[in-house]
Structures are given as C-alpha cells and as structure tokens.
1. May I ask you to list the residues in the stretch 155-170 that are closer than 18 Å to Thr106 by Cα, hydrophobic (A, V, I, L, M, F, W, C) and part of a strand (DSSP E or B)?
2. Going by the structure shown, is Ser120 over 20 Å from Phe79 (Cβ atoms), out of contact with any His (no Cβ under 7 Å at 6 or more places or on another chain) and of a type in the set (S, T, N, Q)?
3. In the stretch 157-171, which residues are touching a Gly at 6+ places or on another chain (Cβ under 8 Å), buried (at least 20 other Cβ atoms within 10 Å of the Cβ) and not β-branched (Val, Ile, Thr)?
4. Out of (1) without any contact (Cβ under 8 Å) to a residue 12 or more places away in the chain; (2) in a strand (DSSP E or B), what's the single condition that is false for Ile100?
5. Let me confirm something: among Gly147, Gly136, Gly152, which residue is part of a strand (DSSP E or B), in contact (Cβ under 8 Å) with a residue 12 or more places away in the chain and surrounded by 23 or more Cβ atoms within 10 Å (Cβ to Cβ)?
6. For the stretch 119-130, state whether one or more residues are closer than 25 Å to Pro244 by Cα, surrounded by fewer than 21 Cβ atoms within 10 Å (Cβ to Cβ), touching a Gly at 6+ places or on another chain (Cβ under 9 Å) and polar (S, T, N, Q).
Amino acid sequence: MSSPTPGSRPRPTALLLLVVALTAGCGAPPRAADGPPPTAPTPRVVSGAPAGPDRTGPATAQPPASSAAPTRAASRHVFPVRAADVAYHPTHSAYPGTDIFADCGTPFVAVTDGTVAEVSRVDRFDPRGPRGPFNGGLSVSLIGDDGVRYYGSHLSRIADGVDPGARVRAGQRLGAVGRTGNANNVCHLHFGISPPCVGRDGWWIRRGVVWPAPYLDSWRRGGNREPAAAVAAWHRRHGCPAEPPG
C-alpha cells in the first residue's frame, strides 16, 4: 500500500499505516523545558475572520477560575474538524491523544464555548532538537466553559484574532489543518484533552491525558458526550505534573 502524498488526505484503509508512521511525530519524547510563563491579556470576542499571517508566539493566558468538573447545564460540543470525510483511530502512540486525518486547509474549530488559552503561531520544531516542546508546530488550546482544555496542533494557519484571552463559540474557526511541527509531512490535526493547568504544566499535559476517541465518536454523530468528569478524575489523581513522565 502506498504512502500518502503531502497535502493529500489518507483513506481509512491506510489509517493503521499512518498511525505507525506518526509514532515518531506524536510519540513520547524525552524530558525538556516548556515555553515562557503565561500572560493575561484582556478578553475579547473573536470575529469570524479568515486566517491571518503568523505572528511571534507562543503566547498564553491565565485559565478561567472554573475547574474541570461537570456543569449543571451541559456545554454544547462539536467535532473539531469541519469536514465530511475525515479519519481517526481510537488509540495513539505512548499517551492519550487522537490524530484526525483531513486535507491540509480543512477548518479546525472550537469544540465548545470557551476562552483561548495558548497560541503558537511560529513553527519552532527542529528535527535535530529535543522532541517534545515544539512537536505541535502551530497550535491553539482552548479552555472550555466546561473547565476542560482542548488542544489542536500541526496547524497550517491560525485564524486572525485567535489570541490568548479571546472568547470563542462552539464551531467557530480557530485555524486550519496542516503538517507543521513533527507531523511527518502528513496533513492531520493532533487533538488532546487535559485539565486547565496553563502556566503550571508543559507539553506533556497539553498534548492530552484523557483518551479523546469516545467523545469524538459522540460529537461526530451529533451527540454531546462530555469529558469534564474524566478530566476532573485524572486531575484529582495526578494534579499538574511539573515534569514529563519518566
């Protein structure tokens, strides 16, 4: 079976081969230091403007005061890639996460209402450097009103106005699927779910600590399964680890 060409979407029959191929890109990296401490810009509403040019990053915002716990009124959730034809696998190499395969340029959207927490508009990945801090390339994380952090990386671009502190709505475009960072030149979105440890954690939490596939399955069907309880349970057990797993 042939490998996917750059810029093309792998078919479901090639999915298992892609998971193996991406092991190096999304696998467990060695210990490394994370980026600069967070800042807290003034929140503002993001317009539905198209993607704009890259700017210096990454940047972070302080998380909302709410913790990762179920809310009384369920938050609306949507699938993070706006496309009819996507593929993803329920497992991932080395840690909980999901790689969602779609054409480069396919819209990456907010899965729920919330506040943009972290944005990286510059691809700092160097294959000769440490694997971990910059594996995601261009990326955005969102802390939902449900208290959960949602992370998407390997983006080709980030929408104009998507900056730390900006308020976004479920289904609003945050960027576009790409192959930046350690993506093995395959167009896909790495999607991770974690507690809101912004400023007290690193890439080893942001990349994902709870398996996303059951929630993606629900959202893909138009359901609204919520990860808040699972994330809160993980957070109670582990807190916000200051170092990557050994």
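Read-outs throughout are calculated quantities, based only on the coordinates presented, and are distinct from any laboratory measurement. What you see is a predicted model, and the numbers here were worked out from it, not measured in a lab. We place every Cβ from the backbone using ideal geometry, glycine too, and count neighbours over all the protein chains shown.
1. Leu155, Ile158, Ala159
2. Spelling it out, Ser120 is indeed over 20 Å from Phe79 (Cβ atoms), out of contact with any His (no Cβ under 7 Å at 6 or more places or on another chain) and of a type in the set (S, T, N, Q).
3. Arg157, Ala159
4. Here Ile100 meets the rest and fails (1).
5. Step by step, each of Gly147, Gly136, Gly152 is checked, and only Gly152 is part of a strand (DSSP E or B), in contact (Cβ under 8 Å) with a residue 12 or more places away in the chain and surrounded by 23 or more Cβ atoms within 10 Å (Cβ to Cβ).
6. Checking the stretch 119-130: not a single residue is closer than 25 Å to Pro244 by Cα, surrounded by fewer than 21 Cβ atoms within 10 Å (Cβ to Cβ), touching a Gly at 6+ places or on another chain (Cβ under 9 Å) and polar (S, T, N, Q).
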